[in-house]
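Notes to accompany the following structure.
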Amino acid sequence: MNMIVLEHYLLVGAILFCLGFFCVLTRRNAVAVLMGVELIFNAANLNFVAFARFGTLNIDGIMFAIFIIMLAAAEATVALAIVLNIYRQLDTVNLDEADLMKG
Amino acid sequence: MQHLIWIIPLIPLLGAVINGLLGYRFIKTLGEEKGKRLIGQIACGTVFISFLISLFSFIHLLLRPIDQRVLVNTVYTWFHIGNLKTEVSFLIDPLSGIMILVVTGVGFLIHFYSIGYMGHDEYDEQGHRYISYWRYFSYLNLFAFSMLLLVLADNILLMFVGWEGVGLCSYLLISFWYRKQANAVAGMKAFVVNRIGDFGFLIGIFALFWALGRHGIWTVNFRQIGEHAHLLAEDTILGIPAATFITLFLFLGAIGKSAQIPLYVWLPDAMAGPTPVSALIHAATMVTAGVYMIGRLNFLYSMAPVTLTIVALIGAATAFFAATIGLVQNDIKRILAYSTVSQLGYMFLGMGVAAYGTGIFHLMTHAFFKALLFLGAGSVIHAMGGKQDIRDMGGLRKYLPTTFRTFLIGWLAICGIFPFAGFFSKDEILWSVFNHSNPVLPFLPKLLWLIGLLGAGLTAFYMSRLVFMTFFGELRSEPAEPHGGHGNDARLRDQGDTGPHGHGDGELQGHGNEEVISLSPQREPHESPWTMTYPLVGLAVLSVVGGWFGVPHFLDPVFGGHGGVVSPAAETGEHSTTLEIFLMMVSMAVALGGMAVAAVMYLVMPELPDLLSIRFSRLYDLLLNKYYVDEIYQAVFVNGLLALTTASTRFDLKFIDGIVNESARVTAAFSAFNGWLDLRFVDGIVNTLASGTVFSGSRLRKVQTGQVQSYLFAVLGGVVVIILIRTFI
């Protein structure tokens, strides 16, 4: 059987990151963008775990992944609160229309 | 008594202040008649109180031994600078004692006379009424104050205050009827000409102060100056002996104030003022201030024989030339004015031969008879309804009996007929002149005596001419319509105004006499009210008896024994009594001769004067036009000054203004350049910087889209670039 090695994990992580980043760049809906951000977090988590298993990070990589999961949860709540406020102010969650900081 | 002297000048000042501030209110609240009476009472009362105090002081002075006849009343210290302590203090010695009696005595009579003379309102050509009664008396009282200050002053500075004060009052009263331009001009002329003299007077004061200061004596007090005057004997100022220098400049002041050649021109014009003013200021008191000043500083003049000679020469020349002008004048007041100038010349002649006592003596008698003559002339003018030309008069003897009789006494007095006042004083002067010895010009005494004698003859002639033409013969014209046809309402209101003059005598109806003229068919001249004739009588008495007192002798303590270079003439020739009596006879004969010639010309052969004036028309014109002195002054000084002014104006406009304008223009050009630089260069940098910033900002702001995803896209781009760089380089 073909051995599942570090490169496979990294490949899956890279695909996951690209999908997440693509989602962040292209979706107009703020909630969808947040979902893309979650994908990117998980791509990073996958990499940390893979390096913990096959690389030299060991337990540190696992700890990083756990902190990132926790952080992502916190970030999601804060971000959703912001989105909710944007909706209250602008009656939309479309990011193209939320350009108050335009120069 | 000594402590009451300060009241003498102060009381008239009080009257001046009360009338000046409240006079208008008096007339408003009390009505025309009562208000005027109150104003007149205040004015006369204050001067009368002064007169009484003066009289008491004088008696007090007489009771003292001869060598202690000095009363000093120091009121307060005026200022105190370094060693110089100047006090407001008043001095009564025989000299100022006589002066205050003359000023307050004659002054009171003239104040009293003014009540009647100024009683009716005056109108100018346009019919404007002068609101003048209180103003007139206020000025007159102010004059009395200033004159008393002048004669009572114990130091030369206080005297100068009075000196300027009388000049001011003279100016105010000459142009009293100021609506008429000629009067205003006359006042200005008097003031300006006086200023020339005052300038000299001030220089004299400064020089005196400085010259004594060089010896460590810092004082302006007359008695202290007298004590230390001998220190100046060896001094010189600018190469001239100090005493001569000082006295010459002081004499310049006297020339101006006392109307001597060459500054006499203002006095005849000063007759534009009311006649009582002419009597008080321009005959009896103010114009004698110069004589008084020389008398006060006689110790200095005695040290300066050159000055004395000049004083005598100018006095004699003035006495003679003014008399010649007086010969042909036709205005009654002008004749008297030239007579005053001439008589003042006699006083200076007396002063100039160091016979100070006789000069002051003549000052006193002249004050009496000239005031009398002026007031008599005022009465005549009053009766003639304002006409002043003696050719319009004549035969007034029968209409104005009191005026005529008193005027006759004044006439005899000024002509120098024994035993009237003028005889004694004029003769004393001529005797002193004849008898003095002049160290500068030995032939001078006899020459001056001859000029004086000639002048006396001329005086007798023109005064006789005046009297004959005014009072004798037939009336040559009707009195003028009073007020020149204006002011009918005033006349109606005055109709019942006989109250204050309630004699009930048909002829002495006070203000009523004017109405009688205008209402009676013949319009005869009428005698003046009693307020005007009584002073005439008083002055007439003084003109008779004024010469009977030995005034020069009385003044000896002031003038005697200063150890000056020139000793008083009276001392040198007391032995030759027969000569004195002979000269007396000569001068009286000359006077009688002058009167006789006038009688022939104006009584016996009235056509003779006209023939003579045609025969000697050039001389006549020369005299009638007063030697063209006014015209010469006009041409030389007035026009010269005007030309100088024009030149100065031109210089100012062209040169000074040119410089100013040029510098302004340079500044403006520099500023313009500076402004341009600022605008273009400094502002340019700033603006360019600012607009560059704005421009780049406006371009760069496009980058900030406000869209999060575009930023992220840029981040992606950046990462790609970094990766590419890392990969291929």
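The values are calculated or read from the model by the stated rules, or taken from the named source; none is laboratory data. Values in this document were obtained by computation on a predicted structure and should not be read as measured data. Cβ placement follows ideal geometry from the backbone for every residue including glycine, while neighbour counts extend to all protein chains displayed. Quick note on the areas: whole protein, heavy atoms, side chains included, nothing else; ligands and nucleic acids left out. Shrake-Rupley method; radii C 1.70, N 1.55, O 1.52, S 1.80 Å.
Which of the residues belonging to region A:1-10 are surrounded by 12 or more Cβ atoms within 10 Å (Cβ to Cβ) and either without any contact (Cβ under 8 Å) to a residue 40 or more places away in the chain or aliphatic (A, V, I, L, M) (or both)?
Within region A:1-10, A:L6, A:H8, A:L10 meet the criteria.
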Cβ-Cβ under 7 Å pairs, at least 6 apart or on other chains, region B:184-200 side at positive phi, far side surrounded by fewer than 16 Cβ atoms within 10 Å (Cβ to Cβ): none
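Specify which of the listed residues (B:F108, B:F51, B:F58) is in contact with a Leu (Cβ under 7 Å, 6 or more places away or on another chain), open to solvent by 20 Å² or more (accessible area, probe 1.4 Å), closer than 21 Å to B:L363 by Cα and assigned to a helix (DSSP H, G or I). Spell out the reasoning first.
Working: B:F108 fails: in contact with a Leu (Cβ under 7 Å, 6 or more places away or on another chain); B:F51 fails: in contact with a Leu (Cβ under 7 Å, 6 or more places away or on another chain).
Exactly one of B:F108, B:F51, B:F58 is in contact with a Leu (Cβ under 7 Å, 6 or more places away or on another chain), open to solvent by 20 Å² or more (accessible area, probe 1.4 Å), closer than 21 Å to B:L363 by Cα and assigned to a helix (DSSP H, G or I), namely B:F58.
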Candidate set from region A:83-103 (those that are acidic (D, E) and facing chain B (nearest Cβ under 8 Å)); member that is nearest to B:R701 (Cα to Cα): A:D99
Residue among B:F374, B:F404, B:F468, B:F461 that alone is in contact (Cβ under 8 Å) with a residue 12 or more places away in the chain, within 23 Å of B:M271 (Cβ to Cβ) and in contact with a Lys or Arg (Cβ under 6 Å, 6 or more places away or on another chain): B:F404
Verdict on B:V694 being free of Cβ contacts under 8 Å to residues at least 24 places away in the same chain, more than 14 Å from chain A (Cβ to nearest Cβ) and within 30 Å of A:A98 (Cα to Cα): no
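Those residues that are outside any loop (DSSP other than H, G, I, E, B), hydroxyl-bearing (S, T, Y) and open to solvent by less than 40 Å² (accessible area, probe 1.4 Å), I need them from region B:166-185; list them, please. Break it down stepwise before answering.
Initially, region B:166-185 is screened for residues outside any loop (DSSP other than H, G, I, E, B), giving B:166-174, B:181-185.
Narrowing further to those that are hydroxyl-bearing (S, T, Y): B:170-171.
Across region B:166-185, the qualifying residue is only B:S170.
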Residue, surrounded by the most Cβ atoms within 10 Å (Cβ to Cβ), within region A:22-47, restricted to residues that are among the polar types (S, T, N, Q) and more than 14 Å from chain B (Cβ to nearest Cβ): A:N47
Unmet criterion (only one of (1) modelled with pLDDT under 90; (2) of a type outside the set (A, V, I, L, M, F, W, C); (3) within 30 Å of B:Q704 (Cα to Cα)) for A:E75: (1)
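Do we find a residue being at pLDDT 90 or above and open to solvent by 80 Å² or more (accessible area, probe 1.4 Å) anywhere in region B:704-712? Steps first, please.
Residues of region B:704-712 at pLDDT 90 or above: none.
Within region B:704-712, none of the residues are at pLDDT 90 or above and open to solvent by 80 Å² or more (accessible area, probe 1.4 Å).
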Residue match in region B:64-83 (condition: modelled with pLDDT of 90 or more, under 17 Å from B:I7 (Cβ atoms) and in a strand (DSSP E or B)): no
Any pair with Cβ under 8 angstrom, 6 or more apart, that starts in region B:576-593 at a residue that is under 14 Å from B:L458 (Cα atoms) and ends at one that is modelled with pLDDT under 85: B:M588/B:F418
Hey, B:L623 under 36 Å from the mean Cα position of the chain (by Cα), away from chain A (no Cβ under 14 Å) and part of a helix (DSSP H, G or I) or not: yes
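For region B:65-89, name all the residues that are hydrophobic (A, V, I, L, M, F, W, C) and open to solvent by less than 10 Å² (accessible area, probe 1.4 Å). Even if it seems obvious, please write down each step before you answer.
As a first pass, look at region B:65-89 and keep what is hydrophobic (A, V, I, L, M, F, W, C): B:66, B:70-72, B:75, B:78-79, B:81, B:84, B:88.
B:L71 - this is the single residue of region B:65-89 that is hydrophobic (A, V, I, L, M, F, W, C) and open to solvent by less than 10 Å² (accessible area, probe 1.4 Å).
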Lone unmet requirement of (1) within 14 Å of chain B (Cβ to nearest Cβ); (2) open to solvent by less than 60 Å² (accessible area, probe 1.4 Å) for A:A50: (1)
Residue ranges of helices (runs of 4 or more DSSP H) in region B:435-547 with at least 1 members surrounded by 15 or more Cβ atoms within 10 Å (Cβ to Cβ) and at pLDDT 90 or above: B:444-471, B:530-545
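Report, by residue number, each residue of region B:572-620 that is among the polar types (S, T, N, Q) and in a helix (DSSP H, G or I).
Quick first cut of region B:572-620, residues among the polar types (S, T, N, Q) only: B:572, B:576-578, B:587, B:613, B:617.
If the condition is that a residue be among the polar types (S, T, N, Q) and in a helix (DSSP H, G or I), then B:T572, B:T577, B:T578, B:S587, B:S613, B:S617 are the ones that fit.
What about B:T645, is it over 30 Å from B:V328 (Cα atoms), open to solvent by less than 90 Å² (accessible area, probe 1.4 Å) and under 32 Å from the mean Cα position of the chain (by Cα)? Give the steps one after another, and end with the answer.
On the way: over 30 Å from B:V328 (Cα atoms): yes; open to solvent by less than 90 Å² (accessible area, probe 1.4 Å): yes; under 32 Å from the mean Cα position of the chain (by Cα): yes.
Yes.
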Checking A:T56 against (1) of a type outside the set (D, E); (2) more than 14 Å from chain B (Cβ to nearest Cβ); (3) in a helix (DSSP H, G or I); (4) open to solvent by 50 Å² or more (accessible area, probe 1.4 Å), the condition it does not meet: (3)
Only listed residue being within 14 Å of chain A (Cβ to nearest Cβ), open to solvent by 80 Å² or more (accessible area, probe 1.4 Å) and either under 30 Å from B:A322 (Cα atoms) or among the hydrophobic types (A, V, I, L, M, F, W, C) (or both), chosen from B:L689, B:L700, B:L653: B:L700
Meets criteria (of a type outside the set (A, V, I, L, M) and either in contact with a Lys or Arg (Cβ under 6 Å, 6 or more places away or on another chain) or free of Cβ contacts under 8 Å to residues at least 12 places away in the same chain (or both)) for B:G675: yes
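Regarding A:A74, is this residue away from chain B (no Cβ under 14 Å) and either open to solvent by less than 70 Å² (accessible area, probe 1.4 Å) or assigned to a helix (DSSP H, G or I) (or both)? Can you show your working first?
Working: away from chain B (no Cβ under 14 Å): yes; either open to solvent by less than 70 Å² (accessible area, probe 1.4 Å) or assigned to a helix (DSSP H, G or I) (or both): yes.
Judged against the criteria, A:A74 is a match.
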